[in-house]
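Shown next, in structure tokens, is the structure this report addresses.
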Amino acid sequence: MYSEKVMDHFMNPRNVGEIEEASGVGTVGNAKCGDIMKVYLKIEDNIVIDAKFKTFGCGAAVATSSMATELVIGKTIQDAVRITNKAVMEALDGLPAVKVHCSCLAEEALQAALWDYAQKHDIKIEGLKPPKEGDDHHDHGAEEEEK
Amino acid sequence: MSTKIYFDHAATTPVRKEVLDTMLPYFTQSFGNPSSVYDIARKNKQVIDQAREQIAQGVGASPEEIFFTAGGTESDNWAIKGVIEANAKKGNHIITSTIEHHAVMHTCDYLESKGIEVTYLPVDEYGRVSPEDVRGAIKDNTVLITIMFANNEIGTLQPIKEIGAIAKEKGVLFHTDAVQAVGHIPIHVKDLNIDLLSMSGHKLYGPKGIGALYVRKGVKIKPILHGGAQERNRRAGTENVSGIVGFGKAMELAVKEMDTHNQKLIALRDQLIRGIAEKIDHVQLNGHPTERLPGSVNFTFEFIEGESLLLLLDMKGIFASSGSACTSGSLDPSHVLLAIGLPHEKAHGSLRITLGMENTAEEVEYLLEVLPPIVQRLREMSPLYEEYIKNQKR
């Protein structure tokens, strides 16, 4: 059900961990839905120089977190804001329909960390929206059920 | 690595060699339609009746009380819809539980949408329905009680005998989905006062696509499949002869070897339960400690999620499940684990190991060896674990 890339990023996740004194930290998702992502960013001179994550969730949740951190490292803040769930998904050679929400969560986690950074430094990043409050009903996409 | 260990026998079982051998002639040689008059067909009527006898003996029923179906789901649907329709004059109320298999739960939901009244009884922390709750829920219009024999996810056995006695005393019909129990633990429908009982072939080393419904003589039930006169006008459709023969053989073997298998399974199960509890912290056994199916183990591992756990076990050649296999395509945590009171995050972190006759103590040891580092690895990745550790340090 998962692509080789997804399995690779699940089995050998990149950038797992925490960053002490991170420039920005974002946590999204909730235990109710079965996935929580926490992303740490280290930003210097407008560039994301490091990213780490911790994720509670399925294989796709781990893989999308891993890929999102890989994509964001080295980017300017302006480019980092523009990383979409689609980009994360494409980089992983796709996700099963029921797991698309994991990629959305990865995008949201990056944005939440960037928002945290912007708040702490009292700056405005173009195109960045505040994280959704009380994300109890994030979109799980098409749910199918097997008998 | 070529290790392949199958630990998902509650999902399905392999067909036993002896069972397959009895089935094979009915595909290419004795393939005749049992309703036909010529020789190769007529004999098939007899083999069906022989299998009916085997099934009946397996649950303590008479052969004429056994009706073959396409599986557990059909048996559950038929029992519930058929009884409700046939007894509409008596009432329109069903009593069931919150931990039923989807085949019962969604059938009750469906009937509820059609105006039937349904009471969903809660369960205790072990997943057991209280017989007194059943008694208290019975009303004048109650037609049917449907409570499963053994739970597919956590293995808990229900107080079937007590519920049967209450149903009999109150004159209410009692159906039980015994798909996980038949052929695994002793069942005698007469002693237990069961009026209808669902079973399935592929959970006891028989083929898929075959099941049966026991309907006690005298119970009013309408067919849900209309067509030919098969199964004494109660279940239309050309008989699945090979499936029926295989199911009969599987039942015969299961009952004959039950004691030997269960001795072994209970030893393996308890080895696994002890091992996990000793080697890994922040775990919780789901289901009843003793009143459970011989091969069933279900644990919650705090701070981690079940699918990740299954993928990593798969990499080690271990095939298990998280919650019910039926919910694997859905993202909601198991309704059974929520019903026994687990919070969502714990319900997401469950692992079900269901042992079978071909499993060995070495395989259980292997699981106990590979599981702790896998759990640890996922915990180190988990923000919930990070939070827990930080709170500990405070």
Subset of the range B:55-72 [polar (S, T, N, Q) and within 20 Å of the chain's Cα centre (by Cα)]:
B:Gln57, B:Thr69
Output for Cβ contacts, cut-off 6 Å, separation at least six or different chains, first residue farther than 18 Å from A:Asp50 by Cβ in the range A:1-29, second surrounded by fewer than 20 Cβ atoms within 10 Å (Cβ to Cβ), reads A:Met1/A:Pro96; A:Ser3/A:Asp93; A:Ser3/A:Gly94; A:Lys5/A:Asp93
Filter the range B:259-318 down to the residues that are part of a loop (DSSP other than H, G, I, E, B), without any contact (Cβ under 8 Å) to a residue 12 or more places away in the chain and not hydroxyl-bearing (Ser, Thr, Tyr) and list them by number.
B:Asp281
Identity of the residue in the range A:1-15, more than 13 Å from A:Glu70 (Cβ to Cβ) and touching a Phe, Trp or Tyr at 6+ places or on another chain (Cβ under 8 Å), that ends up surrounded by the most Cβ atoms within 10 Å (Cβ to Cβ)
A:Phe10
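Residues are listed down the side, and each one gets a yes or a no for (1) at pLDDT below 95; (2) assigned to a loop (DSSP other than H, G, I, E, B); (3) buried (at least 18 other Cβ atoms within 10 Å of the Cβ):
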| site | (1), (2), (3) |
| --- | --- |
| A:Ile49 | no, no, no |
| A:Phe53 | no, no, yes |
| A:Lys99 | yes, no, yes |
| A:Cys102 | yes, no, yes |
| A:Trp115 | no, no, yes |
| A:Pro130 | yes, yes, no |
| A:Gly134 | yes, yes, no |
Identify, by number, the condition in (1) under 24 Å from the mean Cα position of the chain (by Cα); (2) surrounded by 17 or more Cβ atoms within 10 Å (Cβ to Cβ) that B:Ile304 doesn't meet.
(1)
Verdict on B:Lys45 being part of a helix (DSSP H, G or I) and without any contact (Cβ under 8 Å) to a residue 60 or more places away in the chain
yes
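If I ask for residues that are within 14 Å of chain B (Cβ to nearest Cβ) and not in a helix (DSSP H, G or I), which ones from the range A:59-96 would you list? Can you show your working first?
Step one: filter the range A:59-96 for residues within 14 Å of chain B (Cβ to nearest Cβ), giving A:59-66, A:69, A:95-96.
Answer for the range A:59-96, where residues must be within 14 Å of chain B (Cβ to nearest Cβ) and not in a helix (DSSP H, G or I): A:Leu95, A:Pro96.
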Could you pull out the residue among B:Pro372, B:Pro333 that is surrounded by fewer than 21 Cβ atoms within 10 Å (Cβ to Cβ), in contact (Cβ under 8 Å) with a residue 12 or more places away in the chain and in contact with a helix residue (DSSP H, G or I) (Cβ under 8 Å, 6 or more places away or on another chain)?
B:Pro372
May I ask you to say which residue of B:Glu169, B:Glu132 is under 19 Å from B:Val83 (Cβ atoms), among the acidic types (Asp, Glu) and assigned to a helix (DSSP H, G or I)?
B:Glu169
Do we find a residue being surrounded by 18 or more Cβ atoms within 10 Å (Cβ to Cβ), touching a Ser or Thr at 6+ places or on another chain (Cβ under 6 Å) and away from chain A (no Cβ under 11 Å) anywhere in the range B:256-267?
no
Could you list, in sequence order, the residues of the range B:341-359 that are over 30 Å from B:Asp259 (Cβ atoms) and away from chain A (no Cβ under 12 Å)?
B:Gly341
Which one is nearest to B:Leu311 (Cα to Cα), of the residues in the range A:1-47 that are among the β-branched types (Val, Ile, Thr) and within 12 Å of another protein chain (Cβ to nearest Cβ)?
A:Val6
Residues (charged (D, E, K, R) and not in a helix (DSSP H, G or I)) located in the range B:1-23:
B:Lys4, B:Asp8, B:Arg16
Matching option when the condition is part of a helix (DSSP H, G or I), in contact with a strand residue (DSSP E or B) (Cβ under 9 Å, 6 or more places away or on another chain) and either buried (at least 18 other Cβ atoms within 10 Å of the Cβ) or not assigned by TED's automatic domain parsing to the domain that holds B:Leu213 (or both), among B:Ile154, B:Ile94, B:Ile84:
B:Ile84
Note on the range A:59-77: residues of a type in the set (A, V, I, L, M) and over 12 Å from A:Ser103 (Cα atoms) are A:Leu71, A:Val72, A:Ile73, A:Ile77
Only listed residue being more than 11 Å from chain A (Cβ to nearest Cβ), assigned to a helix (DSSP H, G or I) and out of contact with any strand residue (DSSP E or B) (no Cβ under 8 Å at 6 or more places or on another chain), chosen from B:Val375, B:Val370, B:Val364:
B:Val364
Residue list for the range B:99-136, restricted to those being in contact with a Leu (Cβ under 6 Å, 6 or more places away or on another chain) and over 23 Å from B:Ser75 (Cβ atoms)
B:Asp133
Scan B:Glu231, B:Glu239 and give me the residue that is assigned to a loop (DSSP other than H, G, I, E, B) and surrounded by 18 or more Cβ atoms within 10 Å (Cβ to Cβ).
B:Glu239
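The values are calculated or read from the model by the stated rules, or taken from the named source; none is laboratory data. These numbers were taken from a predicted model, which means no experiment stands behind them. So basically every Cβ, Gly included, is an ideal-geometry build from the backbone, and we count neighbours across all protein chains shown.
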